[in-house]
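Nothing in this text is a laboratory measurement; each read-out follows from the coordinates by a stated rule. Everything quoted here is computed from the prediction, not taken from an experiment. Here Cβ is always computed from backbone atoms with ideal geometry, including for glycine, and neighbour counts include all displayed protein chains.
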Amino acid sequence: MNHHHYIAYKPYGYLSQFIANGKVKQKHRYLGELHNFAEGTMSIGRLDYKSEGLLLLTTDGKVSNEINSSKFEKEYWVQVDGDITEAAISGMRQGIRIKLQNNRMYTTRPCQVERIEDPNFPERNFKKVRDDRHGPSCWIKVIINEGKFHQVRKMTAAVGFPTLRLVRVRVDTWTIEGLSVGQVKEIEDLP
């Protein structure tokens, strides 16, 4: 069977699914509005409604499971509320306790975190990020090998610097470089 693989730059405000599940379409937007995907396409991992950036998609379930494993790095550039401290960055690097969906506490694995310059991403398609009139913000790069529900957002909140904007820029060797917001490209192969 020939499988199809895609990379996409998911915009803010889109769900990582293709159609509404309920009888009445909600106010959300869906990936199916961005491209005419092959039947059976699934997103590899998810980006929540508020998150933007790289999304890999495939019709091959084995590939999806492999990329979702801890063998592959996921890199996020995150705008946080406040001027993040070295102590907060160090805490995230070492592993931080967060609450999972079932209210169970979980300690994240050690990861890479560093402060970065403002990457000057395009403005979001709607709902602007608050500006510095409401206090300072800064950007950090977070590289993890796991992906618990809202993990990066929960990590920044746990150290006292809530996420204002989250953009996944890389999964392993695939990046958003060269993609415009909302663009989808079919690619030859995933691992």
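Considering only 77, 4, 159, the residue lying farthest towards the positive end of the dipole of the chain is 159, judged by Cα position with unit charges set on Cβ. In a fully extended conformation the segment linking residue 187 and residue 173 would gain 3.7 nm over its present Cα-Cα distance, using 0.36 nm per residue. For residue 5, the residues 5 or more places off, or on other chains, whose built amide H falls under 5 Å of its own are 187.
With each run of n ≥ 4 DSSP H residues scored as -39500 (n - 2.57), what mean residue ellipticity at 222 nm is computed for the chain after dividing by its residue count and rounding to the nearest 500 deg cm²/dmol?
-3500 deg cm²/dmol
Full extension of the chain segment joining residue 143 with residue 62 gains 26.8 nm, where the gain is 0.36 nm per residue of separation less the Cα-Cα distance. Counting every other Cβ atom within 10 Å of each residue's Cβ, 138, 111 order from fewest to most as 138, 111.
Which residues does the label zone of residue 134 cover in the stretch 72-96, counting backbone N under 15 Å from a point 7 Å along Cα→Cβ? From the stretch 72-96, the list is 79-83. With R₀ set to 30 Å, the beta-carbon distance separating residue 97 from residue 28 gives a calculated FRET efficiency near 0.45. Of the residues 19, 98, the one with the fewest other Cβ atoms within 10 Å heads the list, and the complete ranking is 19, 98.
Placing dummy labels 7 Å off each Cα toward the beta-carbon, the span from residue 105 to residue 36 is 5.3 nm.
So which of 27/74; 27/148; 10/74; 99/128 end up more than 22 Å apart, counting from Cα to Cα? Correct reply: 27/74; 27/148; 99/128. Going from the residue with the fewest nearby Cβ atoms within 10 Å to the one with the most, 42, 105 rank 105, 42.
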